[in-house]
Amino acid sequence: VTDFLRRAADLDAADSLAAFASEFHVPEGVIYLDGNSLGLMPRHVPARIAEVATGEWAEGLIRSWTSAGWFTLPMTVGDRIAPLIGAAVGDVAVGDSTSVNLFKGLAAALHLRPGRRVILADAANFPTDSYMAQGLAALVPGVTVRYVEPGQAAADALADDVAVLLLSHVDYRTAQVQDMAAVTAAAHARGALVLWDLSHTTGAVHCDLTAADADMAVGCTYKYLNGGPGAPAFMWVHPRFARDVQQPLAGWMGHAAPFQFTRDYAPAEGARRLVCGTPQVLSLSALDAALAIWARVDRAALFAKSRAMTSFFIEAVETSCARHGLALVGPRDPAQRGSHVSFDYAHGFEVVQALIARGVIGDFRAPSAMRFGFAPLYLSFTQVAQAVEHLRDVLDTRAWDDDRFRTRAAVT
Ligand SMILES: Cc1ncc(COP(=O)(O)O)c(C=O)c1O
């Protein structure tokens, strides 16, 4: 293990992104391997939140809708996300949750593909993706949800009745990365659209929606983008659909002229029509501040660091914990891997709790995956090597085998 610590020191010394770590708050004694669930807080954000509350809200009041740019926040924040996903400025709207945006996107896709009534969803999708599809199908007569079964290639499940394929670019358990361009081409060849969930992609994994000729995408902003708990999600639709796309939650804030108070809905130009009601100004402001960092990030270096870090972690775990039979879940090829790593282990839940008790925070995904996230923007290789040392110790000493590590809370 000391060998890994030594190698980690060398890798850290060569890390061109190392300075970003000081821009984030890390609680005392914590090694945070959960930036793929809720990212660290950027140090400058609380002051910005306070400023918005005391200045824009308390003093500016309703005037701030214009003077502080509240009204346009869904689009200006979207402009900061656009380069991270290969979208053009002006084409990304931010607001609502990922779940709500999935609903909007699926319904819009059904509308764009009249006559096709099947939503094809990856059975391995994050549950909310399938749940939203099921909820929409229950609402719209004739619409059904079909699944890409485990082991089946999405392209093989396509059929002429499929309106939209719903897929995560990076799988939340295995971190498998989909070939966005290839899947999109296969779907288009069968006349279907693809709605991508980029929640585990954005801010850690290369993604170019435009180059892949993608149709639609949504994603959350509280993971690698560090927007904070409950930060609003983003939504993108390819500009070729700009005039035709109809999202079902036709709220007044996506109207062409909300303050004319007309009876009938008329969608705004472009991505603004993806907005529903009043923007979540406080959370959008926190996200806006958090996203300012990204203008300074060398994304190629970031993606390379993510791959190097997950590879380093896998090698360190498989070497140091070899006798415990941990099974890697997901791809070995770093080019096919997102920024987290899962290991299956029968006592995975207890092991993760024992690690958390030592300040090494990862998470557990039922039934048996210990999942560790590597936010390349602020993690160091030394922290990764130290975390592996803790994991080895917890396993070697069976520290996990304790009643206090068996209680399951509502959030794992
Ligand atoms: C792939 C994916 N989609 C969606 C979500 C959550 O959706 P929401 O932001 O609506 O809670 C998550 C949460 O971790 C996720 O991993």
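Rule-based calculations on the coordinates, nothing more; no lab input. Since this is a predicted model, take the numbers as computed values, not measurements. Don't worry about glycine lacking a Cβ; one is built from the backbone with ideal geometry, like all the others, and counts go over all protein chains shown.
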For this session: First select every other residue whose beta carbon is under 14 angstrom from the beta carbon of residue 111; then total the charges, Lys and Arg +1, Asp and Glu -1.
Result: +4
For this session: Work through the residues other than residue 122 whose Cβ is under 15 Å from its Cβ and net out their charges, Lys, Arg +1 and Asp, Glu -1.
Result: -4
Problem set entry | Karplus-derived 3J(HN,Hα), 6.51/-1.76/1.60, for each residue of the range 369-381, Hz, glycine and proline x | 8, 8, 10, 10, x, 10, 6, x, 5, 10, 8, 10, 5
Exercise. How many nm is it between the label spots at residue 246 and residue 301, if each spot is 7 Å from the Cα in line with the beta carbon?
Worked result: 4.9
Exercise. Cα gyration tensor of the chain, axes a ≥ b ≥ c as square roots of the eigenvalues: rounded (a/c below 1.5), prolate (a/b > b/c) or oblate?
Worked result: oblate
For this session: Work out the FRET efficiency for residue 123 and residue 59 from their Cβ-Cβ distance, taking R0 = 51 Å, and round it to the nearest 0.05.
Result: 0.50
Problem set entry | Those GluC sites (Glu not before Pro) in the range 1-68 that DSSP places in a loop and that have at most 13 other beta carbons within 10 Å | 28, 59
Problem set entry | Extension gain from residue 72 to residue 89, taking 0.36 nm per residue of separation minus the Cα-Cα distance | 4.8 nm
For this session: Note down the nm distance, to one decimal, between modelled labels 7 Å out along Cα→Cβ at residue 140 and at residue 50.
Result: 4.8
For this session: Could you pull out every residue, at least 5 positions away or on a different chain, whose amide H is within less than 5 Å of the one on residue 193? Hs are placed 1.01 Å off N in the peptide plane, and Pro or chain starts have none.
Result: 164, 165
For this session: Evaluate E = 1/(1 + (r/R0)^6) for residue 23 and residue 264, where r is the Cβ-Cβ distance and R0 equals 45 Å; express this FRET efficiency to the nearest 0.05.
Result: 0.40
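Any chance you could run the full-extension gain for residue 257 through residue 318? It's 0.36 nm times the residue separation minus the Cα-Cα distance, nm to one decimal. Before the final figure, lay out the partial values.
Details: separation 61, 0.36 × 61 = 21.96 nm, distance 5.88 nm.
Result: 16.1 nm gained on full extension.
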Exercise. For residue 188 and residue 2 in one chain, what is 0.36 nm times their gap in residues minus the Cα-Cα distance, to one decimal in nm?
Worked result: 61.9 nm
